[in-house]
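Step one of this worksheet: look at the structure below.
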Amino acid sequence: MLAAIMQPGRIAQRHRDVPDPAAEAAAATLDYSIVVEWENIRLAEASRATSMLQAISRQMQRLARSGVNGELLLVCDEDDEPRQRALADEARTFWTLPAVQLRVLSVIEARYYEKKNAGAAAAIGAIILFLDSDVVPEADWLSQMLAPFTDSSIDVVGGATHVEPASAYARAVAAFWFFAPRRDDTGLGTLEAVYANNLAFRRAVFLAHGFPTRPTFRGQATELIRTLRSHGAGVVLQRGARCEHPPPNGLLHFVRHGICDGHDQMRAAAATVDAPVPWRHTFSSVHWVATAGFERIRARSAALGLTAPSRAVARIVATIYAISVLVGHLLTRWRPGFVPKHLPI
């Protein structure tokens with residue numbers, strides 16, 4: 001076994017087990033829990049969720065044959081009963097693991113990180129792994145993520161997430177967005193960019209802190225890792241634990257990402273000053289987004305095989321994103337609650 005099994009936490013929620021619940025004694029042998037929020041799938045392609053579930057099922061079965069057992073928890077909204085029933089029915093068509101290993105959980109009015117916290121509180125595995133509903137892990141992702149935890153000094157493992165440049169649009173996004181291009185290297189390294197869609201913790205370490213509650217859409221994972229490092233936690237990057245992330249699903253989803261990014265920048269700045277956020281913050285932030293995007297395009301050109309026309313397309317897409325960030329700043333200045341209510345991601 002990878003580590004001592006911790007006792008499950010408690011949270012106000014309803015459970016739907018798929019298939020029928022197994023005995024508690026069987027659950028007590030679990031080494032890991034995979035928590036998947038069922039939020040991103042609302043804006044991404046539904047087929048990606050099926051691909052993710054199938055990939056995870058195969059990997060969990062392979063590990064189970066070697067004596068390493070786990071569970072998968074899918075965390076849905078309380079009012080999403082039709083989606084939960086459809087998910088449970090779909091899962092039954094290919095999920096062949098013991099009954100205890102797939103659970104669909106309901107939480108009330110929970111956002112992205114709140115769903116992850118809820119899933120972690122309900123998990124019973126010694127290691128908690130976080131995936132998103134729109135990422136597809138590569139064939140050995142699970143074993144790669146679990147392997148470093150055999151070292152007792154390691155508390156947190158981050159994987160490598162990338163955008164697959166399968167189309168002109170995806171290639172443009174991969175060229176400037178925050179996920180680095182896919183690489184074939186393996187082994188452990190320093191975790192610099194932190195993404196909650198491909199991240200694992202020792203259960204006791206995570207439950208002692210959890211993702212912080214903030215009025216922003218993203219950034220809580222980075223804040224948590226910063227806190228854990230300050231407490232002496234061992235944090236590493238597992239280069240071989242790769243997941244494919246889709247580009248935003250269409251123009252509206254893409255623009256909303258930028259708007260929410262601008263919203264987060266404004267809310268973060270507002271938390272550090274008593275007076276209204278200076279306008280120079282907006283101008284410098286948007287300038288940085290555009291400049292950083294153009295620099296990434298230049299730096300990633302060879303890795304992604306960009307031609308002169310594809311670099312031009314990437315710059316246009318990066319510019320649209322920077323403009324969307326500006327819109328997020330302006331909307332948040334006008335009405336701080338507008339973006340979370342009307343344009344969430």
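The values are calculated or read from the model by the stated rules, or taken from the named source; none is laboratory data. A quick note: this is a predicted structure, and the numbers were derived from the prediction, not measured. Glycine gets a Cβ as well: all are built from the backbone with ideal geometry, and neighbour counts include every protein chain shown. These area figures cover heavy atoms from the full protein model, side chains too; ligands, DNA and RNA do not enter into them. Shrake-Rupley method; radii C 1.70, N 1.55, O 1.52, S 1.80 Å.
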Report the trypsin sites (Lys or Arg not before Pro) located in the range 133-213 that are in a DSSP loop and have at most 13 other Cβ atoms inside 10 Å of their Cβ, or state none.
R183
Consider just the alpha-carbon atoms of the range 126-238 and return their Rg together with their Dmax, both in angstrom.
14.5, 44
Can you give the accessible area of H209 in Å² (nearest 10), computed on protein heavy atoms with a 1.4 Å probe?
80
Using the Cα centre of the range 221-333 as the reference point, and only Cβ charges (+1 on K/R, -1 on D/E), how large is the resulting charge dipole? Debye, rounded to the nearest 20.
320
Could you calculate the FRET efficiency of R65 with A204 from 1/(1 + (r/R0)^6), where r is the beta carbon distance between them and R0 is 35 Å, rounded to 0.05?
0.80
Rounded to the nearest 0.05, what FRET efficiency do F338 and A308 give with R0 = 51 Å and r taken as the Cβ-Cβ distance? Could you check?
0.80
Can you bin every Cα-Cα distance in the range 249-341 into 10 Å intervals starting at zero and give me the percent of pairs per bin, rounded to whole numbers?
17, 42, 27, 12, 2
When Lys and Arg each count +1 and Asp and Glu each count -1, what net charge do the other residues less than 12 Å away from R242, Cβ to Cβ, add up to?
-3
SASA check, L72, accessible area w/ 1.4 Å probe, all protein chains in place, rounded to nearest 10 Å², comes out at 0
Report the accessible area of V327, computed with a 1.4 Å probe over the heavy atoms of all protein chains in place, in Å² rounded to the nearest 10.
60
